[in-house]
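Before any comments, here is the structure.
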Amino acid sequence: MGRNKKYGNIILTDEDRIELEKLSKSQTGEYRKVQRAKILLMSAKGMLNSEIAAAIGMHPNTVASIITKYISAGKDHAINDAARPGKPNVISDEEKLWITSIACTKPKELGYAQELWTYRQLQKHVRTHCKNAGYPGLTKISANTIYSILDSNEIKPNKINYYLVRKDPDFETRMREVLVVYKQVEMCFDDEGRLTIDMPKTVTLSYDEKPGIQALKNIAPDLPPTQKHGTVSRDYEYKRLGTVSLLAGIDLLTREIIPQVSDTHKSSDVNVCMVCVLKASRNLLIVYTNIAMRSIRHLWYIIGLTRLTISPQKILQRLKLIPSSDIWHNIYTNILRTDY
């Protein structure tokens, strides 16, 4: 690290160059730090201070100051501002702790109607109750100060993050059983996606549904594109025809999609799709999500439609339910074998 002449070019170390190039291309970094990184890189390329100032849009003296800081104390000193003396912190740690405890309490528990805090509401609450709590110095606290106190502890009382509660003690075991299903299908294909085995008798069907889709009908016909309007024009008015459910299954081996649109969302709607699969196969492996078909009675109905003479005892013996309620929004794997 050195310089060629007073306020002249600098020589960057390899480590500094890598960090400065990364910082100069940052889209989220502080603007002043990005600009300073660009100045140091331009100087290392041999550009004059006046040329750097014109390219960056700064005064040449500012460019020279940043270069001088790098020469005297290194990259961190040139990029970051030194700590400046200012007004001493008048908010004690005890007062900060009290503010944080309020932010970690739901507003409803303190008599407010909203579910989450806003910084303005926190400010109003702190100013109103600080004297009774023994902190009269907070009567003029600003919302920005409250934000800074909470942000230093990475607390954001105005936001929600969702988490998943594991209620199944056998989660790990059932998760493996579900993943084995997909691994077995994967082993049937080569790296280019071609089936490497004869078509097995077992059909692996991945099934899902989308309920509550609005069925809308246009009142006026669509207008084709014209020279004046280059897009298809559609009338804003439409007629509501209720809601429908889209149920679809995909055969993971043949990649055949079996769609069905239904006015209802019941387990019997799934039967129509499953019957055609069962008639063509002796073994059926169904992987489905959030479908109401979760009882042996519904499965018996499906088998009954295939006109197979099977006793309920054999169904109980050959039906294996693997509930995995914590995997991918209530995935259930049902293995139904009818090979007799």
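To the nearest 20 Debye, how big is the dipole of region 93-152 about its Cα centre, given +1 on the beta carbon of each Lys and Arg and -1 on that of each Asp and Glu?
On the way: 8 positive and 6 negative charges, 59 e Å.
Dipole about the Cα centre, nearest 20: 280 debye.
Compare the peptides 221-234, 173-186 by average per-residue count of other Cβ atoms within 10 angstrom and give them in order, highest first. Let's see the in-between values first.
Working: 221-234: 9.1, 173-186: 14.1.
Top of the packing list down: 173-186, 221-234.
When the Karplus curve 6.51 cos²θ - 1.76 cosθ + 1.60 is applied with θ = phi - 60°, which whole-Hz ³J(HN,Hα) does each residue of region 31-48 get, with x for Gly and Pro?
Each residue of region 31-48 in turn: 4, 5, 6, 5, 5, 5, 5, 5, 4, 5, 5, 5, 5, 5, 7, x, 6, 6 Hz.
Pick out, from Ile146, Leu205, Cys188, the residue whose Cα sits farthest towards the positive end of the charge dipole of region 106-205, with +1 on the Cβ of Lys and Arg and -1 on the Cβ of Asp and Glu.
About the Cα centre, the residue reaching furthest to the positive side is Ile146.
Give me the net charge for the shell around Arg234: Cβ to Cβ below 15 angstrom, other residues only, Lys and Arg +1, Asp and Glu -1. Please list the in-between numbers first.
Details: positive: Lys217, Lys239; negative: Asp222, Asp235, Glu237.
That works out to -1.
Given points 7 Å out from each Cα along the Cα-Cβ axis, report the Met187 to Arg255 separation in nanometres with one decimal.
Spacing of the two 7 Å Cα→Cβ label points: 2.2 nm.
Laboratory data are not the source of any read-out in this text; all were calculated from the coordinates shown. Bear in mind that the values here come from a model prediction, so they are computed numbers and not experimental data. In this analysis, Cβ positions are derived from the backbone assuming ideal geometry, glycine residues included, and neighbour counts consider all displayed protein chains.
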